[in-house]
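The values are calculated or read from the model by the stated rules, or taken from the named source; none is laboratory data. Note that the structure is predicted; figures quoted are calculated from it, not measured. Virtual Cβ from ideal backbone geometry, glycine too; neighbours counted across all protein chains shown.
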Amino acid sequence: MIRVRRIAAAFMGFVVLATSAFASYTVVPGRSEPQQLRWKDGMVRIAVSKSLSEQTGAIKSGSDIAVAIRNSLLLWENAADIKFTIEATDARNVSPSGVAGDGVSLITIAASPENVLLFTKDPMAESARTRVFYNRRGFITEADIVLNPYQQFSTDGTAGTFDLEATLTHEIGHLLGLRHSSVLGAIMSEGIARNAGGVVASDRRIDLSDADVTAARELYGFVDDVSECCSSISGKITQAPSKTPPKALSVWAEDNTNGRVVAQAETSPDGTYRLGGLSAGLYTIFWQNLDRSNSTHLGDLGTVRLSDNEDRTVNGKVAGTSHDLALSFMGLDSQLADTAILIRNAREYTVYLGGRDFELNDLRIEFNSPYFRAIPGSIKRHDLGEKLSAVSFLLEVDEEVPSGVYSLFLTGNDGILAAMVGGLKVPVRPNL
């Protein structure tokens, strides 16, 4: 499911803007969901409803729907040991909630009562929804994707529409059993922005982040011409005793050679986590509380070197936070949003950060990557009132930066204070 949230508030030339799609998915039957859902084998049959080709206004006329579907499936096929078959169907309706569906995994945009029922709570709040059926062993038996017929989609970047290929790629991730990622630049991130005007064709290219790829390989594996995937890092994070229940944490790995975010997972209620689908390499493991609107709780578990097909255990104990700082938004051009910012061909950007209690005199902006640098002396504070703190700074980007997603860290004399995980996205550059 992709849920749309709008937050617009002007503060002395600033705009806090989150016009994005928020995604989750519905699993049935309604019982406790297993930690990981997946298809039993590597072949999934997809039935594409003819409703997608009907001229209803939901999909912009002239959009290349077939290419969008094919590309979105191919991205996942190239990432993991999974294959799809596609067929056309006259079927239009999502399977009703229950013990089992009809066994057909459908993609539809029909405005039928059965489909519209998924969006009745707020018809304009979601751009798509995926209903997943699974058996007692945790194997997916069916997954239906419903594009919201009240929203607008396109394949040419039309401003104000949702990119059809990006939406389908995200929902197919749910169809495969993937959950949301707290990596802002991942295709499985909860927030996917609407198309903005003036975006060139190369920037509309849809790609999976490393975190998306490792999540898929954790479920389905991957075999190439050289070796069989994959390695993993797992463990348990123990939180200091508290009067409140332990907070859910996001745990992620960054490649020490370039700083790219390569994997992310959430802790289970008992504090355990697992980062799978990894290649051999040297990684730093970070953790942060999931709710970035409250005071940030963040740290690292150290550095781990992985060999091929190796499983390593990394445990940690964490204490409570001693500050109220929270980092929730970032953006360009005096705009703040809760999605990643796109790093194109420019070598310098004015980046804005928003949150709470940015009043520390020792506030610094740092990166776990040699390709990014905050220009010294460029941090400026902006007075947006009591509810929102904001700063801006000049970001310098090395022209050799590899494609991928990278994190931004706020630090102080007490160490790391907050992070926007995968908040900087460098797209794959077209071959010249």
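Annotation note: of E386, E396, the sole residue that is out of contact with any Ser or Thr (no Cβ under 7 Å at 6 or more places or on another chain), over 19 Å from Q288 (Cβ atoms), assigned to a loop (DSSP other than H, G, I, E, B) and among the acidic types (D, E) is E386. Candidates in segment 311-321 are the residues that are assigned to a loop (DSSP other than H, G, I, E, B) and modelled with pLDDT of 95 or more; of these, the one that is surrounded by the fewest Cβ atoms within 10 Å (Cβ to Cβ) is N315.
Kindly indicate which of S242, S202 is modelled with pLDDT under 85 and outside any loop (DSSP other than H, G, I, E, B). If you could, list the steps in order and put the result at the bottom.
On the way: S242 fails: outside any loop (DSSP other than H, G, I, E, B).
Step by step, each of S242, S202 is checked, and only S202 is modelled with pLDDT under 85 and outside any loop (DSSP other than H, G, I, E, B).
Of the residues making up segment 321-336, at least one is over 21 Å from I416 (Cα atoms) and without any contact (Cβ under 8 Å) to a residue 24 or more places away in the chain. Could you tell me whether G354 is modelled with pLDDT under 95, under 22 Å from the mean Cα position of the chain (by Cα) and not assigned by TED's automatic domain parsing to the domain that holds W252? Here the answer is yes, as G354 does meet what is asked.
The lone criterion from (1) in a helix (DSSP H, G or I); (2) modelled with pLDDT of 95 or more; (3) not small (G, A, S) left unmet by L118 is number (2). Residues of segment 29-74 that are in a strand (DSSP E or B), out of contact with any Asp or Glu (no Cβ under 9 Å at 6 or more places or on another chain) and either at pLDDT 95 or above or surrounded by 13 or more Cβ atoms within 10 Å (Cβ to Cβ) (or both): R38, W39, V44, I59.
Could you identify the single residue in R260, R305 that is closer than 26 Å to A326 by Cβ, at pLDDT 95 or above and not assigned by TED's automatic domain parsing to the domain that holds V397?
Working: R305 fails: closer than 26 Å to A326 by Cβ.
Residue meeting the stated conditions: R260.
Inspect segment 360-371 for any residue being basic (K, R) and closer than 27 Å to L208 by Cβ and give the result as yes or no. No, there is no match, as no residue in segment 360-371 is basic (K, R) and closer than 27 Å to L208 by Cβ. Quick one: would you say R45 is over 21 Å from P149 (Cβ atoms) and touching a helix residue (DSSP H, G or I) at 6+ places or on another chain (Cβ under 6 Å)? Considered against the rule, which asks whether it is over 21 Å from P149 (Cβ atoms) and touching a helix residue (DSSP H, G or I) at 6+ places or on another chain (Cβ under 6 Å), R45 comes out as no.
Condition first: exposed (fewer than 15 other Cβ atoms within 10 Å of the Cβ) and either at pLDDT 95 or above or not in a loop (DSSP other than H, G, I, E, B) (or both). Can you find one or more residues in segment 367-375 that meet it? Explain how you work it out, then say what you get.
Looking only at segment 367-375, we keep the residues that are exposed (fewer than 15 other Cβ atoms within 10 Å of the Cβ), and these are 370, 375.
Subsequent filtering for residues that are either at pLDDT 95 or above or not in a loop (DSSP other than H, G, I, E, B) (or both) retains 370, 375.
Yes: one or more hits.
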